[in-house]
Amino acid sequence: MHSEIIQGWPESLKKEFGPGKVHWIAETGSTNSDLLALLKNDRAGHLDLVVADYQTAGRGRRGDKWEAPAGKNLLFSVALELGEDKTLWTRLPHLTARILGSVVEDVLPMQKVQTKWPNDIYLDGKKLAGILVETIMIPKPYAVVGIGLNVNVRPEEFPTPIESLATSLYAHLDCESSRPFLLGLILREFFESYPNKLTRFDEVKDWLEERSFLKGKELLLETAAGTICGTGRGLGPGGELLVESAAGALHSIISAERIEINRAP
Ligand code: BTN
């Protein structure tokens, strides 16, 4: 798998990413949990990767499950060493969406993805990929960036509750894609964009805002500060969601437990 991942990479990057960086396993609970445990025990480092063909306890945001049939999709987690400036950490999920979205657009050149704040990737109004970023502080600060990208799953293979809400690359290409090759494209983007684009964030923000699924829509958000209703107005300078209430107040939202579209209070 390693040689397929680094196929087409420049020699300088290949040197930084030896075969020992890749832990590709047939089945596990959750690649995020595995990588967090490896980092905690000092058995992994920057840009180490856990990839699974199948997860028995795949995790999404807000405690949701992430399920996928065996061997069809990309299910992986990559470790990123975090810099000292904690104010930049919250930008990482948005940078990940930028990276993932642009790889999808390279593979599907006739398509523009939609980004659903904070970091879901949609195609034609259906979810294509999800991102779960977790952090660990000991032995040193790392982010574990978990990505589930629907690659070769057929539309009829999605579990019933999500079949009308989810899509895959296969559904758009009508042929299978190489998971290691796609993984290589994504990792290469991380090499090129992380951490530098966390400080030069305007380009990331503009790219995401241009593709924003929530911009202009009527939203109801449950946040730690209470329920907020209003119209999506794009993103703030650090990737915050801007929502304008009917009274004209502009809310800048960092996180929300729940977002509903087209909902008044
Ligand atoms: C979401 O949309 O809620 C985020 C989904 C993230 C799923 C991926 S699959 C690989 C990695 N391991 C996990 O347990 N979760 C992430």
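The values are calculated or read from the model by the stated rules, or taken from the named source; none is laboratory data. Please read all numbers here as calculations on a predicted model, not as lab measurements. Reconstructed Cβ throughout: ideal geometry from the backbone, glycine too, with neighbour counts over all protein chains shown.
Below are the figures for this structure:
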read-out	value
Residue within the stretch 169-183 that is out of contact with any Leu (no Cβ under 9 Å at 6 or more places or on another chain) and within 30 Å of Lys86 (Cα to Cα) present	no
Close pairs from the stretch 156-178: first closer than 13 Å to Tyr122 by Cβ, partner of a type in the set (Phe, Trp, Tyr), Cβ under 7 Å, at least 6 apart	Ala166/Phe158
Flag for Gly83 being farther than 24 Å from Gly234 by Cα and either within 11 Å of the ligand (Cβ to nearest atom) or touching a residue at least 40 places away in the same chain (Cβ under 8 Å) (or both)	yes
Candidate set: the stretch 67-80, residues that are near the ligand (Cβ under 10 Å from one of its atoms) and either small (Gly, Ala, Ser) or at pLDDT below 95 (or both); chosen: the one nearest to Pro118 (Cα to Cα)	Ser77
Residue match in the stretch 63-79 (condition: assigned by TED's automatic domain parsing to the domain that holds Ile138, closer than 13 Å to Leu183 by Cα, polar (S, T, N, Q) and in a loop (DSSP other than H, G, I, E, B))	yes
Residues satisfying the stated conditions in the stretch 31-60, i.e. within 11 Å of the ligand (Cβ to nearest atom), surrounded by 21 or more Cβ atoms within 10 Å (Cβ to Cβ) and in a loop (DSSP other than H, G, I, E, B)	Gly58
Tally of residues being outside any loop (DSSP other than H, G, I, E, B) and either touching a Ser or Thr at 6+ places or on another chain (Cβ under 8 Å) or without any contact (Cβ under 8 Å) to a residue 24 or more places away in the chain (or both) across the stretch 191-203	3
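Yes or no, residue by residue, for (1) closer than 22 Å to Ala79 by Cα; (2) under 15 Å from the mean Cα position of the chain (by Cα); (3) not assigned by TED's automatic domain parsing to the domain that holds Leu47:
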residue	(1), (2), (3)
Asn119	yes, yes, no
Lys127	no, yes, no
Pro141	yes, no, no
Leu149	yes, yes, no
Glu163	no, no, no
Ser168	no, yes, no
Asp174	no, no, no
Ser177	no, no, no
